[in-house]
1. Per residue of the chain, what 222 nm ellipticity follows from adding -39500 (n - 2.57) for every DSSP H run with n ≥ 4, rounded to the nearest 500?
2. Using all Cα-Cα distances in segment 4-174, what percent lands in each 5 angstrom bin from 0 up to the longest?
3. Please report the net charge: other residues with Cβ closer than 11 Å to the Cβ of residue 70, K and R +1, D and E -1.
4. Per residue of segment 134-148, in order, report the coupling 6.51 cos²θ - 1.76 cosθ + 1.60 (Karplus, θ = phi - 60°) as ³J(HN,Hα) in whole Hz, putting x for Gly and Pro.
5. Take segment 195-347, drop everything but the C-alpha atoms, weight them equally and run the Debye formula without solvent; then report log10 I(q)/I(0) at 0.11, 0.14 Å⁻¹ to two decimals.
6. Please compute one quarter of the surface area of the Cα convex hull for segment 300-346 and express it in square nanometres.
7. Amide H of residue 314: which non-local residues (sequence gap of 5 or more, or other chain) have their own amide H closer than 5 Å, using H built in the peptide plane?
8. At 7 Å along Cα-to-Cβ for each site, give me the label-to-label distance between residue 203 and residue 243 in nm.
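Bear in mind that the values in this text are calculations on the coordinates, not laboratory data. Since we're looking at a predicted model, the values are computed, not measured. Cβ placement follows ideal geometry from the backbone for every residue including glycine, while neighbour counts extend to all protein chains displayed.
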Amino acid sequence: MNNFTFNEIHQQPAMWRKELQALLSAKADISAFMHKYLTSDTDVVLTGAGTSAFIGDAICPVMRGMWRNVRSVPTTDLVTHANYLLDKERPLLLVSFARSGNSPESVAAVNLANKLCKNVAHVYITCNKNGKLAQQAAGRENVLSLLLPEETDDKSLAMTSSFSTMLLTCLMLGHIDNLEKDAEKVEKAAKNAEAVIAEYEEKLKAIAERKFERGVFLGSGALKGIAEECHLKVQELTDGAVVCKFDSFLGFRHGPKAVVNDKSLVVYLMTDQESVQRYERDLVKQVDANNKPVAQVIVCAGKKPELPEVKADLVVLMPYGYADNDFYGIVPFVLVGQLLGFYASKAHGLNPDAPSVSGNIHRVVEGVTIYE
């Protein structure tokens, strides 16, 4: 059995450091492009399919502090409803996330934007220099192609280092003019990721080997987007044997909480922001008092939440923390979902590199016909 998934999860801190240096080296050209095509009136759309779409969902709440008009819209929605989702009169900056750059929807979304919008520019954030997106960027003045380190073109079915490095790249793009000042924060994120691996991997493995049939991942703000990615990692790496949900802490009470039973794993991705965490603590206490899930995992950075009455099976504490304005701090949280998914896959007798015994999912989506 190959070990692509294992290696791709573990290489992430190194990839983040490598990408930081790549962007610093190209800073002048990147900054010139962004200043040319990004104005106060530009409609910025973050797009991708599946895991790549979740990047936009995760970072949109924090990107609004950098780019005024920014939305997350999956390519899978743009292909069918571009007429409703794209403002044809306003300048558009379409930021496309793509591991391979070969998904039919990724290419179609770009083509639709070019066809429908009067003034459009593109940023391609992709891991495959030979992909269709990367290849079509050559010689186009209105396209900024950011090719990530070759190692991030994950060979496994599940996206891991591709997801986190594309996400980190867009965050750095938002602060490209002052990126040198952010180097310390990127390094802190890398160190937190290394701490999760060094201190908690075996404990997460033990949790993943418990018999659970449902997985729930909760997060607030940007961490809701990370919860979205975590829920997919466990579900796809177990070939659907574990069915997963994600939500915000407050939203979870409004019906979705019905999914929690004695066959559930519940993972709380908690912010350090006290004004938000007080709501999160209330939900954790309520779930703990009313349910008996297989396991409850609390994930936090900086300091452990005050929850003395809660019987958490594992508290993952990232020792380097992150400040309220440190948007890079959300990235290491995804490792918890990745490691749980990897070891749950093995516990179900699957190959994490190719877990889809059913053949329902593939590394690059199949069966999509793009119609004119």
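1. When only DSSP H runs of four or more count, the value is -14500 deg cm²/dmol.
2. Taking every Cα pair in segment 4-174, the percentages come to 1, 9, 19, 23, 23, 15, 7, 3, 1, 0.
3. Net charge in that neighbourhood comes out at +2.
4. For segment 134-148, the Karplus curve yields 4, 5, 7, 6, 4, x, 9, 5, 8, 10, 9, 9, 10, 8, 7 Hz.
5. Rounded to two decimals, the profile gives -0.35, -0.59.
6. Hull-based average projected area comes out at 4.1 nm².
7. Residues meeting the amide H criterion: 296, 298.
8. Placing both labels 7 Å beyond Cα along the Cβ direction yields 3.1 nm.
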